[in-house]
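The values are calculated or read from the model by the stated rules, or taken from the named source; none is laboratory data. All values reported here derive from a predicted model rather than from experimental measurement. So basically every Cβ, Gly included, is an ideal-geometry build from the backbone, and we count neighbours across all protein chains shown. Surface accessibility is based on the protein's heavy atoms, side chains included, excluding ligands, DNA and RNA. Shrake-Rupley method; radii C 1.70, N 1.55, O 1.52, S 1.80 Å.
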Amino acid sequence: FVDNGYTGTDFDRPEWQKLMEAVQTKEIDCIVVKDLSRLGRNYIETGEFLEKICPFFGIRFIAINDGFDTDTVEASGQLSVSLSNIINDYYAKDISRKVSSALRSKMENGDFIGAWEKYGYLKDPNNKNQLIINPETAPVVKQIFLWRSEGMSYMGINKKLNDSGVLSPGQYKANRGIVTNNNQKDRVILWNKHMITEILKDITYLGHLAQRKASQCLYAGISFHRTEEQNWIIVENTHEPVVTQQEFELVQEMRKNKRRNQKQETVNPFSGICFCADCGKKLYLCRSRSLSEDQEHLKSSTHSADKDSCSAHYIRT
């Protein structure tokens, strides 16, 4: 069972789970590891495994480099293993502290530290911490900003890109052999509203870097979480922009106006009492900046999600 690429501080590892399933079904009765740090670097969970789980399931455990074998270990050996587990845990947290400090320094210096570059860019082959324009995808980003600045809706942009056969960011990664959690299924990854929204509000396309949008800290016991915007590390003018400041600000102003209109809207009085005569689904209230108050309309959400399931009819409020 091999868990390459997974931290030993966390026992929620795919191959470890498979190993535990094999233990519970009594397919195995002995576990051998190179050393105790390969089992895990969390001394509490590692100790519980050795002292409670192994005896409960009748598992013999051997750590070769540590000379540890549950079948022959004596009291002094148990103490030695406990100390080794504490040292392994401390070592992992010490490394975490040093890595966190080094990464923060890189971010503050304007170095790109992401695993994968943003859509529209490539990592400079001569400097992996520097972004350069991707001639294949940057024009797509520029076109998205242009369409939005001309008043095209998010869904309109989404449909235009899919109908034109333009590869979405996820599909573009998959075609380059980059495996992520989102592209392992046997299907084409199409553009969606979320992708369009994320691109249109990302200051990366202005030539700036906004990093530390998510964070975790092993040595401080802080699990993975999204970071508040005021805590992002932003460095300006780190790479070549895809869009101009004017183009970007125009799109942001349109986003602000849309949010402002939505906040001023009243509750839909028809909620839960109007249904589509064809598909039977609820009708939702739709508002557009191009429509006045008395031109609001109700429509079925089915057509938006699946064009073949219901026609695109609607009724004005």
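Filtering Ile62, Ile53, Ile31, Ile87 for residues that are at pLDDT below 75 and either open to solvent by 50 Å² or more (accessible area, probe 1.4 Å) or not basic (Lys, Arg) (or both) leaves a single hit, Ile87. Close Cβ contacts (under 7 Å, 6 or more residues apart or on different chains) running from residues in the range 193-210 that are within 17 Å of Met152 (Cβ to Cβ) and assigned to a helix (DSSP H, G or I) to residues that are open to solvent by less than 20 Å² (accessible area, probe 1.4 Å) and among the small types (Gly, Ala, Ser) comprise Met195/Ser168. How many residues are under 19 Å from the mean Cα position of the chain (by Cα) and loosely packed, with under 11 Cβ neighbours inside 10 Å when one looks only at the range 225-241? Qualifying residue count for the region: 5. For the range 7-19, a residue qualifies if it is touching a Phe, Trp or Tyr at 6+ places or on another chain (Cβ under 8 Å) and open to solvent by 90 Å² or more (accessible area, probe 1.4 Å), and exactly one does: Lys18.
Among the residues making up the range 112-124, those that are touching a residue at least 40 places away in the same chain (Cβ under 8 Å), part of a loop (DSSP other than H, G, I, E, B) and not aliphatic (A, V, I, L, M) are Phe112, Gly114, Trp116, Lys118, Tyr119, Gly120. Applying a threshold of 9 Å to beta carbon distances and a minimum spacing of six or more residues, or different chains, the list of pairs starting in the range 35-58 at a residue that is under 16 Å from Phe1 (Cβ atoms) and part of a helix (DSSP H, G or I) and ending at one that is of a type in the set (Ser, Thr, Tyr) and open to solvent by 40 Å² or more (accessible area, probe 1.4 Å) reads Ser37/Tyr91; Cys54/Thr70. Just name the residue that is modelled with the highest pLDDT out of those in the range 65-82 that are surrounded by fewer than 12 Cβ atoms within 10 Å (Cβ to Cβ) and part of a helix (DSSP H, G or I). Per the criteria, the residue is Leu79.
Just a yes or no: is a residue in the range 265-278 acidic (Asp, Glu), under 26 Å from Met107 (Cβ atoms), at pLDDT 70 or above and assigned to a loop (DSSP other than H, G, I, E, B)? Among the residues of the range 265-278, not one is acidic (Asp, Glu), under 26 Å from Met107 (Cβ atoms), at pLDDT 70 or above and assigned to a loop (DSSP other than H, G, I, E, B), which makes the answer no. Exactly one residue out of Gly165, Gly170, Gly177, Gly151 is of a type outside the set (Ser, Thr, Tyr), under 21 Å from the mean Cα position of the chain (by Cα) and at positive phi, and it is Gly177.
Against the definition (open to solvent by 30 Å² or more (accessible area, probe 1.4 Å), at pLDDT below 90, closer than 24 Å to Glu228 by Cα and of a type in the set (Lys, Arg)), how does Lys193 come out, yes or no? For Lys193, the condition - open to solvent by 30 Å² or more (accessible area, probe 1.4 Å), at pLDDT below 90, closer than 24 Å to Glu228 by Cα and of a type in the set (Lys, Arg) - is met.
For the range 147-190, the set of residues classified as open to solvent by less than 50 Å² (accessible area, probe 1.4 Å), closer than 23 Å to Val243 by Cβ, outside any helix (DSSP H, G or I) and among the polar types (S, T, N, Q) consists of Ser168 only.
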